[in-house]
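Here's the structure, in structure tokens; my notes come after.
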């Protein structure tokens, strides 16, 4: 049974937070969360799984359309229920508290910490040595154990950004605008330069040893396409970032849809231009072997000086992506803490900064634990981290997008300041593509899918056995456990 819903307060939701994020910071949050390391490390992996430039571009177009379908769907939920915690709140209303509990823990254990760990490691591994010198790549010896520099600096980055978000969401919002707008603009200009002036043959590179791309003309298997889709989906992740801070966005009925749809569309356009640019600089086979496409393309186009400039911009973009993940992911633990589905302390705000500091540092701790486990189990397996995170995203994203359909049927009379365009096509097409990829990967025994699915199933079983009969939280007893709903006309 769904819980009661209550009215939103323009000065702050029931959580006691104030709405301090305007249109630009909300838009920058979505764009910055999306514009991560994925667009630079995923194209080579995708190129290795497809048979030509057209299938390569179609894969990125499909990923962008899926993200846009998801954004169109969640814009309706975000405008209707602008409360921190995002899809956790939507899932409670639609699928019920058990699914919300399981999805919330999957996000706490995989999606946001996994994104933080993956992007931070990739940034420290590929960009920092290029920008600051090869000394940044020297491992650190601790008690006979050699810690890769990529993991060490990744930990420093995660801790530093968590500290910034500890101080306040307004400070974090300013940082987000600065580190998103500059690289976004310059990368767009660089893409235009490549498309208009660069000669493809000058930068052609042969595939690296160990890379076995699909031969031109050879039809890739359905499994190969599914494996190519995971890094694409990871690159587009972040399209839903604004819903996690819905309780802190001004005039959410207008600004949430603008941020979700506008930010997703802008980054999708940029990604397609960048991918065309990569194909212009490298052959498809060469792209499969470059490792990290952004720095390699800068080297081929502009030489050492260009590499430094472009790498600096990529680092800024990565900081924006990481900052967005820190800001949004902590709101899941915050929302769950208020329900008693997580440690109660996670649902409390700092008396001075009004930020969920326990939730922030809990997320930081899990991300650091994933860094350690990555070293111990996989030995710096960045691809494994990305696949694990992406599989979990596909599971929770599908459930959340389908919540639009469920709530249209269950609560048809609730005020909806924004309605999904072309409904029901966006949620239906998003869910269909995600389920198809998950089924194909699961049939082939892909470990990332089974681990992510196992976490979800285990959390759901735990809820059924131990949590379903637990007494309601004080917030729930006061009817405050459902997401805020804006009154009509706002």
(request) Need at least 2 residues that are modelled with pLDDT of 90 or more and closer than 23 Å to residue 229 by Cβ per element, so show me which helices (runs of 4 or more DSSP H) inside the range 412-490 make the cut, counting only ones lying wholly within it. (result) 425-443, 447-462
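Yes or no, residue by residue, for (1) crowded, with 24+ Cβ neighbours inside 10 Å; (2) over 28 Å from residue 48 (Cβ atoms):
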{"site": "270", "(1), (2)": "no, no"}
{"site": "288", "(1), (2)": "yes, no"}
{"site": "291", "(1), (2)": "no, no"}
{"site": "296", "(1), (2)": "no, no"}
{"site": "300", "(1), (2)": "no, no"}
{"site": "306", "(1), (2)": "no, no"}
{"site": "322", "(1), (2)": "yes, no"}
{"site": "327", "(1), (2)": "yes, yes"}
{"site": "349", "(1), (2)": "no, yes"}
(request) Looking only at the range 330-347, count how many residues are part of a helix (DSSP H, G or I) and surrounded by fewer than 20 Cβ atoms within 10 Å (Cβ to Cβ). (result) 2
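Conditions tested, residue by residue: (1) surrounded by fewer than 24 Cβ atoms within 10 Å (Cβ to Cβ); (2) out of contact with any strand residue (DSSP E or B) (no Cβ under 9 Å at 6 or more places or on another chain); (3) free of Cβ contacts under 8 Å to residues at least 60 places away in the same chain.
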residue	(1), (2), (3)
68	yes, yes, no
71	no, yes, no
75	no, yes, no
83	no, no, no
88	no, yes, no
92	no, yes, no
104	no, yes, no
115	no, yes, no
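The values are calculated or read from the model by the stated rules, or taken from the named source; none is laboratory data. In this text, all values refer to a predicted model and were calculated from it rather than measured experimentally. Here Cβ is always computed from backbone atoms with ideal geometry, including for glycine, and neighbour counts include all displayed protein chains.
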